[in-house]
Amino acid sequence: MSVDVLLGLQWGDEGKGKVVDYLASTYKVVARFQGGPNAGHTLEFDGIKHVLHQIPSGIFRADIKNIVGNGVVLDPVIFKKEIEDLAHLGLDARKNLFISKKAQLILPTHRLLDAYQEEVKGSKKIGSTLKGIGPTYQDKIGRQGLRVGDITLPGFNKRYKALRDKHLSMIKNDEIAQNIKELEPPFLEAIEYLKELFLVGSEYLINEELAANNKVLAEGAQGSLLDVDFGSYPFVTSSNTMVAGACNGLGVAPSKIGQVMGVFKAYCTRVGSGPFPTELFDETGEQLRNQGHEFGATTGRPRRCGWLDLPALKYAIMINGVNQLFMMKADVLAGFDVIKVCTGYELEDGTTTEKLPYDLVNQSVTPIYKELRGWTDTMPASANYNDVSEPLKNYVKFIEDEVGVPIKIVSMGPDRSETVIR
Ligand code: GDP
Ligand code: IMO
Ligand code: MG
């Protein structure tokens, strides 16, 4: 069996949580391979909305193993709270949750460093979620991070304190540094809690599941345009959000990757700073934000909104080898007379390109738009694609023809049931 990978193709928040939840029943394992509590994946069913940050989105299905892979950075405090919140709903997540001993630990001082580094950057700040993601990956690559498996080894406390003190000496802002007093006790408590969970060699677990012919779904976090190598650098996250990240982040060989499923919104959003060529600063942007409830699932920040960017989408499809697409939030575009899609950019020197330029930070580009007719559809009662209107079908067909990959699902609402399959 192979590992199917589900990825966001834009700047995150494409609706990955909904799709994983929708598809989960056909898998035996759902695994997160990168990122951490910067993610907020929303699932809606039976009239309840759940937002998961670190727990894989297969957790609501009793027969699915949910794995937090080695590529993830894990905040024990947030993780404990997530498990406790699920317990309030009567769900014992601990039974189906396996955490790689090789996942990196987010320490309280990683969060403080995140805040400090952002403050130092001033107007050039990334707009990080302040969850400590960047500093934790910095320590991983700098070969000084602490891993989940370390918590059971002798000398953990000493190593923790040494790294904490090193971090504190780097923070030249007492107001930020003093927060350690408040953050440390719950951290140490959560470390004890973590010890009771299944801490495993997840690379063995996943490969054994594959050998036993069980299907694995790798659940991406963030999106390809936030990838540390291929995103709008430096306004990116600190992990490889693309398909290759699933190999690194789970310990599966490229030859084991099966379907690569790409999730995109019918328009674009972005939270935090950084280039966004099709961003709308006018009433139309405001309308998208209101109709799409575009406020961050992790930080509550308003999301920047704009039209669909095809060069960026094609780029994400190319670097990931996406072979099926899921188009989300088609219902949000209902009511617009005209819908624009960016098909290329005009550069400052007057030339045009259909490729994503290297530099979008110092160079401004002007999107070239194609206009398409809008629609007024809501979710068809029949759940049948034949029953959606011609303008919406034309939009789907236009994108498919442009990108050369089939759109298998058109999502028409946040609920699990509001999903049209083609
Ligand atoms: P993720 O990070 O990719 O899992 O996406 P988020 O959960 O951060 O953001 C997606 C938001 O859109 C959530 O509030 C979802 O409930 C919602 N959503 C997902 N699909 C649809 C859809 O087709 N229509 C509408 N209106 N909302 C959707
Ligand atoms: P999901 O999985 C949207 C953005 C932040 C910031 C940049 C770096 O829900 O799609 P970080 O905290 O990672 O150092 O922040 O990346 N960002 C996200 N934007 N969805 C996410 O996750 C994100 N995770 C990080 O806003 O611009
Ligand atoms: Mg999200």
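The values are calculated or read from the model by the stated rules, or taken from the named source; none is laboratory data. Predicted model, so just to flag it, every value in this text is computed and none were measured. Positions of Cβ are generated from backbone atoms using ideal geometry, with glycine treated the same way; all protein chains shown enter the neighbour counts.
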Residue tally, condition within 9 Å of ligand 2 (Cβ to nearest atom) and either among the aromatic types (Phe, Trp, Tyr) or part of a strand (DSSP E or B) (or both), over the range 25-37: 1
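Under the condition of being part of a helix (DSSP H, G or I) and out of contact with any Ser or Thr (no Cβ under 9 Å at 6 or more places or on another chain), which residue from the range 148-158 is surrounded by the fewest Cβ atoms within 10 Å (Cβ to Cβ)?
Residue satisfying both the conditions and the ranking: Lys158.
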Subset tally (residues that are in contact (Cβ under 8 Å) with a residue 60 or more places away in the chain and closer than 21 Å to Asn394 by Cα) for the range 342-366: 1
Near pairs, Cβ below 7 angstrom, 6+ apart or cross-chain, from the range 36-51 (free of Cβ contacts under 8 Å to residues at least 60 places away in the same chain and more than 15 Å from Phe295 (Cβ to Cβ)) to any residue that is part of a strand (DSSP E or B) and more than 9 Å from ligand 2 (Cβ to nearest atom): His50/Leu43
Test: residue in the range 401-412 that is under 13 Å from Ala266 (Cα atoms), more than 16 Å from ligand 2 (Cβ to nearest atom), free of Cβ contacts under 8 Å to residues at least 60 places away in the same chain and not in a loop (DSSP other than H, G, I, E, B): no
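Just to check your reading of the model, which residue among Ile55, Ile59 is assigned to a loop (DSSP other than H, G, I, E, B), within 16 Å of ligand 2 (Cβ to nearest atom), closer than 22 Å to Leu226 by Cα and without any contact (Cβ under 8 Å) to a residue 60 or more places away in the chain?
Testing whether each residue is assigned to a loop (DSSP other than H, G, I, E, B), within 16 Å of ligand 2 (Cβ to nearest atom), closer than 22 Å to Leu226 by Cα and without any contact (Cβ under 8 Å) to a residue 60 or more places away in the chain leaves just Ile55.
Just for the range 38-52: of the residues that are of a type in the set (A, V, I, L, M), assigned to a strand (DSSP E or B) and within 30 Å of Ala211 (Cβ to Cβ), which one is farthest from ligand 2 (Cβ to nearest atom)?
Kept after step one, since they are of a type in the set (A, V, I, L, M), are these residues of the range 38-52: 39, 43, 48, 51-52.
Remaining after also requiring assigned to a strand (DSSP E or B): 43, 48, 51-52.
Now restrict to residues that are within 30 Å of Ala211 (Cβ to Cβ): 43, 52.
Working: Leu43: 12, Leu52: 9 Å.
Here the answer is Leu43.
In this structure, is Lys397 part of a helix (DSSP H, G or I), surrounded by fewer than 13 Cβ atoms within 10 Å (Cβ to Cβ), of a type in the set (D, E, K, R) and away from ligand 1 (no atom under 16 Å from the Cβ)?
Values: part of a helix (DSSP H, G or I): yes; surrounded by fewer than 13 Cβ atoms within 10 Å (Cβ to Cβ): yes; of a type in the set (D, E, K, R): yes; away from ligand 1 (no atom under 16 Å from the Cβ): yes.
When the stated conditions are applied, Lys397 passes them.
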Residue among Tyr27, Tyr22 that is within 13 Å of ligand 1 (Cβ to nearest atom), closer than 19 Å to Val322 by Cβ and touching a strand residue (DSSP E or B) at 6+ places or on another chain (Cβ under 9 Å): Tyr22
Positions within the range 169-204 being surrounded by fewer than 17 Cβ atoms within 10 Å (Cβ to Cβ) and touching a strand residue (DSSP E or B) at 6+ places or on another chain (Cβ under 7 Å), in sequence order: Phe198
Residue check, Gly69 on the phi > 0 side of the Ramachandran plot and more than 14 Å from ligand 3 (Cβ to nearest atom): no
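Out of Leu113, Leu107, Leu74, Leu97, which single residue is at pLDDT 95 or above, more than 16 Å from ligand 1 (Cβ to nearest atom), more than 24 Å from Asn248 (Cα to Cα) and of a type outside the set (D, E, K, R)?
Working: Leu107 fails: more than 24 Å from Asn248 (Cα to Cα); Leu74 fails: more than 24 Å from Asn248 (Cα to Cα); Leu97 fails: more than 24 Å from Asn248 (Cα to Cα).
Testing whether each residue is at pLDDT 95 or above, more than 16 Å from ligand 1 (Cβ to nearest atom), more than 24 Å from Asn248 (Cα to Cα) and of a type outside the set (D, E, K, R) leaves just Leu113.
Residues of the range 56-92 being farther than 26 Å from Thr26 by Cα and in contact with a Ser or Thr (Cβ under 7 Å, 6 or more places away or on another chain), which ones?
Within the range 56-92, the subset farther than 26 Å from Thr26 by Cα is 73-78, 80-81, 84, 88.
Correct list: Val73 only.
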Residues (within 13 Å of ligand 1 (Cβ to nearest atom) and of a type in the set (S, T, N, Q)) located in the range 246-301: Thr269, Asn290, Gln291, Thr298, Thr299
In the range 292-342, residue farthest from ligand 3 (Cβ to nearest atom) [restricted to those that are of a type in the set (A, V, I, L, M, F, W, C), surrounded by fewer than 18 Cβ atoms within 10 Å (Cβ to Cβ) and within 20 Å of the chain's Cα centre (by Cα)]: Met318
The lone exception for Asn38 - which of (1) more than 13 Å from ligand 3 (Cβ to nearest atom); (2) farther than 16 Å from Ser202 by Cα it fails: (1)
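Only residues that are part of a loop (DSSP other than H, G, I, E, B) and buried (at least 16 other Cβ atoms within 10 Å of the Cβ): list them for the range 65-92, please.
Initial filter on the range 65-92 (part of a loop (DSSP other than H, G, I, E, B)): 69-71, 75, 89-92.
Of everything in the range 65-92, those that are part of a loop (DSSP other than H, G, I, E, B) and buried (at least 16 other Cβ atoms within 10 Å of the Cβ) turn out to be Gly69, Asn70, Gly71, Asp75, Leu91.
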Looking only at the range 1-24, and only at residues there that are part of a helix (DSSP H, G or I) and more than 17 Å from Ile67 (Cβ to Cβ), the one that is nearest to ligand 3 (Cβ to nearest atom): Lys18
